[in-house]
Amino acid sequence: MDADVIKTYVGLGMGEGIIAGIAYDEARATDLRAIDARHLFASNMTRLAVKRGAFLRSYVHEFLRSFARPLTRDLVDRAMASEAGSSFAI
């Protein structure tokens, strides 16, 4: 179910809802209250893929950094230059 729909139902007093933290903006949701429940759920993993050898523009590097701060331009470029099938650790 879409987070906005869940927030709307909660705002109408129809119960509680569980949404991703990124879907909650305290400044905009003045009629809602968030309770941190991260301890109840396992962590999720997000995977990003780029084509080896492709030229990555600055906005792609910024997009990658928005998911993982350690993914600097230099690190991503070195990983993309490594041979296929080789492991590359951050």
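Hey, if you put +1 on the Cβ of every Lys and Arg and -1 on every Asp and Glu Cβ in the chain, which of A81, L12, T46 ends up farthest toward the positive end of that dipole? Result: A81.
Derived value for the chain: Kirkwood hydrodynamic radius 16.5 Å. Basis is the mean of 1/r over every pair of different alpha-carbon atoms.
Every number here is computed from the coordinates shown, using simple stated rules; none is lab data. Just so it is clear, the structure is predicted and the values come from calculations on it, not from any experiment. Cβ sites come from the backbone with ideal geometry, for glycine too, and all protein chains shown count toward neighbours.
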